[in-house]
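Working notes for the structure below.
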Amino acid sequence: MSVSTIITAAGKNSRMRKDQISRGIQLTNKLILPFHDKTVIEATIDNALSLNLDECIVVLGHYSGEIKEAIFDNYKDDVKFIENNPVDVGLSTSLYNGLANCASDFALCITADQPTVLPETFAEMIRVSQTSKDPYRTISILRRRKTGLLDTAEGLGMPFVAPRENLMGYLENENDNLNPILRKIFDDGYAFYGIKEKNEKELVNINHYDDYLQLLD
């Protein structure tokens, strides 16, 4: 069973922008902020590429020109970049557009502001998905509360591994955050497995400037 990576990088950057303005910091999209010896989005892409999956697709939208200018030349041979059209859409639409541009049976779905999720954690998510009783009705997801077989999808989001075509069926014609859609999938009887993080930083998305500073430590 083939697996590709979809990385969503299309958001408005509104919370980070607000924080930068309030602190008097130069306005910079959070995905191209320095992160050790690269940028936030490059760290996320590199973690995904290290898995040697079938394909890596990055979905751009807001600030696509700024992001591509910063990273495109480094990844043009290894990553397929696609752009939302129209730009002003929800996360579910960005993810749908990425899934529609790949042909793999399964997708590892990541947001670009998760540079600290380790390849080993992604690999464990894939392993659990592929060795489950019915991979086509299983979601393997980074836990927020419990690990193992979950009794709720409350509070869950990316990263996760899911059957591509089935997930597209739930995302089509939606324009929302992911959690309500994941809860619907759960209610339809899919098995959700929570994967434990290797360290607590894996559970932090970079939404605010303080999140960024926390992950830099």
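The values are calculated or read from the model by the stated rules, or taken from the named source; none is laboratory data. It should be emphasised that the depicted structure is a prediction, and the values quoted were computed from it without experimental measurement. Here the Cβ positions follow ideal geometry from the backbone for every residue, glycine too, while neighbour counts run over all protein chains shown. To get the accessible areas, we keep the full protein, side chains included, count just its heavy atoms, and leave off ligands, DNA and RNA. Shrake-Rupley method; radii C 1.70, N 1.55, O 1.52, S 1.80 Å.
For region 81-132, what is the accessible area per residue in Å² when the probe is 1.4 Å? It amounts to 34 Å² per residue over region 81-132.
Taken along its three principal axes, the alpha carbon spread of region 81-151 comes to 38, 26, 24 Å, from the longest extent down to the shortest. Applying 1/(1 + (r/R0)^6) with r as the Cβ-Cβ distance of Asp151 and Leu203 and R0 = 22 angstrom yields a FRET efficiency of 0.65.
Which distance in Å, rounded to a whole number, links the C-alpha centroids of region 97-138 and region 11-86? One Cα centre to the other: 19 Å.
Amide H to amide H distances under 5 Å link Cys56 with Thr5, Lys80, where only residues 5 or more positions off or on other chains count and H is placed in the peptide plane. Taking only the C-alpha atoms of the chain, the Rg (one decimal) and the largest Cα-Cα distance, Dmax (whole number), read 16.3, 53 Å. Accessible area per residue (1.4 Å probe, heavy atoms of protein chains only) ranks Lys133, Lys30, Lys146, Lys68 as Lys133, Lys146, Lys68, Lys30, with the largest value leading. Couplings 3J(HN,Hα) for region 76-85, derived from phi with the Karplus relation 6.51 cos²θ - 1.76 cosθ + 1.60 (θ = phi - 60°), are 4, 8, 10, 10, 9, 9, 10, 10, 5, 8 Hz, where x marks Gly and Pro. Under 5 Å between amide hydrogens, built in the peptide plane, is the criterion, and for Glu83 it picks out Leu60 among residues at least 5 positions away or on other chains. Split the accessible area of the chain by element, probe 1.4 Å, and carbon with sulfur accounts for 45%. Shown is the FRET efficiency for Asp188 and Gln214, computed with R0 = 25 Å from the Cβ-Cβ distance and rounded to the nearest 0.05: 0.10.
Relative to its Kirkwood radius, the Cα radius of gyration of region 46-130 gives an Rg/Rh of 0.95. Pairwise Cα distances in region 9-90 exceed 21 Å for 32 percent of all pairs. Eigenvalues of the alpha-carbon gyration tensor of region 114-217, scaled by 5 and square-rooted, set the equivalent ellipsoid semi-axes at 24, 17, 12 angstrom, largest first. With the biggest extent put first, the Cα atoms of region 35-80 measure 27, 24, 16 Å across the principal axes. Fully extending the segment from Asp73 to Glu172 would add 32.5 nm, taking 0.36 nm per residue of separation and subtracting the current Cα-Cα distance.
Exceedance of the 22 Å cut-off in Cα-Cα distance is absent from the set Lys12/Lys68; Lys38/Lys76; Lys146/Lys201.
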